[in-house]
1. Can you list the copy-to-copy distances for residue C:62, using a point 7 angstrom from Cα toward Cβ, in nanometres, shortest first?
2. How far is it, in nm, from the label point at residue A:104 to the one at residue D:195 when both lie 7 Å from their Cα along the line to the Cβ?
3. Among D:94, C:112, what is the fewest-to-most ranking by other Cβ atoms within 10 Å?
4. GluC sites (Glu not before Pro) within region A:17-120: which are DSSP loop residues with at most 12 other Cβ atoms inside 10 Å?
5. Work out from phi, with θ = phi - 60° and the Karplus expression 6.51 cos²θ - 1.76 cosθ + 1.60, the ³J(HN,Hα) of each residue of region D:170-185, listed in order in whole Hz, and give x for Gly and Pro.
6. Per residue of region C:152-160, what does 6.51 cos²θ - 1.76 cosθ + 1.60 with θ = phi - 60° give for ³J(HN,Hα)? Whole Hz please, x for Gly and Pro, Karplus curve as stated.
7. Quick check: net charge around residue D:31, other residues with Cβ under 13 Å of its Cβ, Lys/Arg +1 and Asp/Glu -1?
8. Name the long-range amide H neighbours of residue C:162: under 5 Å, sequence gap of 5 or more, or other chain; modelled H, no Pro or chain starts.
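Coordinate-derived values only; no laboratory data. All figures in this text were calculated on a predicted structure; none of them were measured in a lab. No Cβ is skipped: glycine too gets one built from the backbone with ideal geometry, and neighbour counts run over all protein chains shown.
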Protein chains: 4
Amino acid sequence: MPPSDPAAPPRQLGRAGAPGQNRELRTRGQHTLRKLLDAGITVFSAKGYHAARVDDIVKAARTSHGTFYLYFANKEELFAALVADVAEEVAGLSEELSDVTPDDAGRAALRSWLARFADLYAHYGAVIRTWTEAESSQVDVGRMGRDVLGGLAAELAGRLSGSPDIDMAVAGLAVVAMVERFNYYVLSGQVKATRDEALDTLTDVIFDGVVVAR
Amino acid sequence: MPPSDPAAPPRQLGRAGAPGQNRELRTRGQHTLRKLLDAGITVFSAKGYHAARVDDIVKAARTSHGTFYLYFANKEELFAALVADVAEEVAGLSEELSDVTPDDAGRAALRSWLARFADLYAHYGAVIRTWTEAESSQVDVGRMGRDVLGGLAAELAGRLSGSPDIDMAVAGLAVVAMVERFNYYVLSGQVKATRDEALDTLTDVIFDGVVVAR
Amino acid sequence: MPPSDPAAPPRQLGRAGAPGQNRELRTRGQHTLRKLLDAGITVFSAKGYHAARVDDIVKAARTSHGTFYLYFANKEELFAALVADVAEEVAGLSEELSDVTPDDAGRAALRSWLARFADLYAHYGAVIRTWTEAESSQVDVGRMGRDVLGGLAAELAGRLSGSPDIDMAVAGLAVVAMVERFNYYVLSGQVKATRDEALDTLTDVIFDGVVVAR
Amino acid sequence: MPPSDPAAPPRQLGRAGAPGQNRELRTRGQHTLRKLLDAGITVFSAKGYHAARVDDIVKAARTSHGTFYLYFANKEELFAALVADVAEEVAGLSEELSDVTPDDAGRAALRSWLARFADLYAHYGAVIRTWTEAESSQVDVGRMGRDVLGGLAAELAGRLSGSPDIDMAVAGLAVVAMVERFNYYVLSGQVKATRDEALDTLTDVIFDGVVVAR
DNA sequence: GATGAATGAGAATTCATTCAT
DNA sequence: GATGAATGAATTCTCATTCAT
């Protein structure tokens with residue numbers, strides 16, 4: 001789904017910072033940049049952030065070391081570019097969630113939103129997972145990730161019609177925690193269930209656990 | 001709580017693998033081993049598994065480089081020893097959970113169990129978090145971690161009196177996902193709430209989301 | 001993985017194994033590889049295999065540590081490359097030996113062949129000597145060395161016109177033993193004689209000891 | 001008072017120097033010392049000098065690191081002790097060689113002497129072989145080994161009734177070279193022949209190659 | 001006498017980053 | 001724009017030797 005996101009307007013992949021910061025990229029450069037970003041996702045997914053070597057990425061992108069540093073100052077910057085992509089995607093997703101009312105319509109809305117999140121996670125899961133690893137890093141990629149999830153939690157808190165007894169700010173985070181981690185379990189083959197079953201269960205737990213008639 | 005396990009029989013600390021196949025350890029050796037394990041927890045917690053240097057661990061344990069390799073073949077093996085410890089602790093915790101019935105007693109049981117888990121996570125969180133990172137490693141530390149959480153999920157599934165509509169096997173994992181990740185958010189300062197508030201909310205979501213009168 | 005470049009050019013020096021399975025080398029790379037191999041001979045000759053440090057080799061080659069590992073996985077692999085070189089040289093030498101008949105022509109042929117061997121030993125002696133040391137190694141450099149000498153012995157056995165009373169297979173090895181070791185004694189300054197005297201004596205012993213009219 | 005042993009007779013294994021040089025050794029100590037020397041032979045035979053670890057020796061001797069350094073200042077000193085043993089044995093062997101006359105008696109004498117050498121090599125071969133390796137070492141164990149073989153060569157030169165055309169000093173070394181190396185080939189399984197066949201061939205080559213009626 | 005444990009200097013190896021073409 | 005090659009600082013790991021019991 002996401003990669004060559006054809007829908008995306010003019011904004012190109014430009015925000016992916018580069019050493020010569022705002023280099024003008026011709027078609028060829030655009031293509032190389034895209035290859036590197038995609039390779040990053042692939043490699044980070046396979047080995048995680050720390051274990052990923054620039055060499056792995058370069059090989060996956062079928063390009064050279066020298067070229068890598070033409071586009072990114074270092075591995076971290078490539079990762080940051082990916083995080084920015086994810087942040088944008090998640091932000092977009094946040095907006096797509098409509099009010100989850102304590103009725104069938106609400107449940108359906110929740111479920112379909114969860115399905116979209118699952119898709120997003122299937123593609124960008126490695127990046128999301130890695131926020132945790134990266135948290136100790138110098139640059140605040142960790143902070144960035146935290147903000148993204150925090151924003152998502154806040155959005156959820158606002159959309160889910162929760163019981164007045166519950167601290168929705170906290171509950172929002174609990175839900176995000178569950179959704180994020182559960183999707184990881186699914187991807188890592190730990191959850192033995194079809195996609196539909198998994199989605200149903202997740203929807204149920206959230207719906208019953210949090211959503212109620214106010 | 002967990003670390004100093006005084007009850008342990010003759011073979012003490014033995015599970016902590018050592019090169020040269022579990023050497024017999026005298027009092028002094030036992031002490032050094034303990035120091036190294038504790039240092040491992042400290043350092044892994046502070047910088048994460050990958051960023052942790054053997055040098056950091058050695059310094060934290062106030063011992064020498066050479067000594068480290070007397071007890072562990074490498075960082076990974078030290079980590080594996082810690083995972084074994086955690087596995088044991090989690091297994092112990094699993095057994096402590098009594099049936100969570102859909103009444104106040106059940107809710108109280110659940111809450112107190114969650115409190116214990118939070119304590120365990122406060123101590124061993126770094127190890128648990130790292131399972132994810134470690135999953136690609138040669139040694140099946142990843143598998144081990146997966147098994148631990150899987151076992152916990154199964155236990156929960158058995159104890160929580162769930163609705164017949166819900167696939168409890170899956171729901172168990174969802175709950176574990178939430179509990180594990182939520183505790184991480186708490187530790188990383190993302191959840192702005194007192195311990196009690198956090199526990200209450202977590203209890204509520206699980207209780208309302210999963211536990212019902214059968 | 002990028003399929004092996006179909007345009008594989010004459011890979012020269014190729015037998016010198018390289019990590020990452022024989023990379024293609026340009027002129028610059030070829031040169032560096034040559035420098036490393038030469039440095040290997042120099043250093044192994046001076047300090048022996050075990051005492052030789054990668055650092056010594058790198059200094060002798062006026063290159064960096066990192067570069068070394070670009071060409072060889074470790075010291076052993078560099079040695080193996082040298083052994084392959086020697087094997088080739090020795091094989092070449094084997095073929096140059098014509099029949100050693102029990103007359104003056106035969107004696108002359110033998111002597112000039114021994115002179116050539118001496119030259120080869122002067123250059124590659126360190127490698128040959130080290131086969132012995134290396135025999136316990138994982139990689140079968142030891143075996144390789146054994147094969148080389150065994151082949152040489154067989155060739156000698158075939159060329160020397162020996163007495164029917166003698167087991168030429170065994171005698172061939174005895175001759176190789178003497179020639180190999182004697183050259184070592186010469187190099188280590190143990191033999192106090194001019195090159196010509198040494199060659200004469202060696203020729204005499206072999207000629208009188210093994211070559212006879214059949 | 002082992003080391004400076006003036007009264008040769010019950011000379012025990014004492015000359016094997018020890019850090020506290022002239023330590024008095026009781027029965028127990030003698031035994032431990034013997035175990036270490038034997039372990040040295042075993043381990044040096046198996047892995048060569050450089051690859052042999054003090055740890056290996058200590059394990060083979062079923063004793064501890066601490067104990068090792070009670071008897072030897074370091075690995076080299078243990079090796080030196082073994083070299084001294086060999087030197088003595090070889091010296092003894094030198095004396096046993098009677099004149100090798102160009103007749104059947106001479107041939108028989110030569111053959112039986114070679115047989116004895118083979119026995120000695122079977123036991124101490126590793127030490128002899130290692131002289132080569134050790135030659136670069138600081139302490140002059142190498143020199144010592146060279147002297148031993150040089151002495152043997154001189155003795156042979158004196159005993160073998162050689163042709164006046166041959167430089168017997170050089171020929172002696174050639175013979176030693178052959179005998180030493182050939183025995184190595186035998187031990188390493190390179191010579192495929194029975195002990196008798198091997199001895200016969202060796203005798204023939206030396207006899208025919210060097211011994212003649214003056 | 002003997003031993004298990006500790007030590008740290010030295011050697012090997014990796015890999016992000018820079019450079020010359 | 002792109003690339004192969006080079007670099008060296010950072011790290012891991014080994015092992016001879018010393019120490020405390």
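1. 4.0, 5.2, 5.8
2. Result: 9.8 nm between the two label points.
3. Numbers: D:94 18, C:112 15.
So the ranking, lowest neighbour count to highest, is C:112, D:94.
4. On the way: sites: A:24, A:76, A:77, A:88, A:89, A:95, A:96; in loops: A:24.
Those that pass, being in a loop and sparsely packed, are A:24.
5. Once θ is set to phi - 60°, the couplings for region D:170-185 become 6, 4, x, 5, 4, 5, 4, 4, 5, 4, 4, 5, 4, 4, 5, 4 Hz.
6. 4, 4, 4, 4, 4, 4, x, 7, 6
7. Values: positive: D:26, D:28, D:34, D:35, D:62; negative: D:38.
Charge balance near residue D:31 sits at +4.
8. Placed amide hydrogens put C:212 under 5 Å from residue C:162.
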